[in-house]
1. Excluding VAL10 itself, calculate the net charge of residues whose Cβ lies under 15 Å from the Cβ of VAL10, where each Lys or Arg counts +1 and each Asp or Glu counts -1.
2. Run the numbers for SER55 and ASP40: contour at 0.36 nm per residue of separation, minus the present Cα-Cα distance, in nm.
3. For a quick check: sort CYS82, CYS13 by the number of other beta carbons within 10 angstrom, fewest at the front.
4. Farthest toward the dipole's positive end in region 35-87, which of ALA84, THR59, ASN37, given Cβ charges of +1 (Lys, Arg) and -1 (Asp, Glu) about the Cα centre?
Amino acid sequence: MLTQISEKNVETCLGEEIASRKKCMYNDAYGVNLHINDADFQQIKIQLLSLKLISTAYTESNGEHTINWILTEYGNEYLLGCFALKK
């Protein structure tokens with residue numbers, strides 16, 4: 001997530017990642033189907049905001065409001081540090 005992504009897409013990707021780590025116990029005929037409880041998802045968002053890893057931005061397109069998540073500069077540095085190859 002190096003660019004902004006809609007909150008709905010974050011929720012979907014997070015659900016898919018959890019399902020894949022659970023050996024796809026949540027698969028159905030249409031693929032992965034894991035619903036994250038909204039209170040839990042909001043708690044994750046609050047935690048990431050409070051750690052200053054993400055910020056949010058509201059956009060409007062065709063009368064539809066969308067919340068987008070954006071990595072902060074600190075969040076980007078933290079992410080790169082997590083995935084950088086160590087000597």
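Values in this text are rule-based calculations from the coordinates and carry no lab data. All values derive from a computational prediction rather than experimental measurement. Methodologically, a virtual Cβ is constructed for each residue, glycine included, from the backbone with ideal geometry; neighbour enumeration extends over all protein chains shown.
1. Result for the neighbourhood of VAL10: -4.
2. Gain on stretching SER55 to ASP40: 3.6 nm.
3. With the fewest neighbours first, CYS82, CYS13 line up as CYS82, CYS13.
4. My answer, from the dipole projection, is ALA84.
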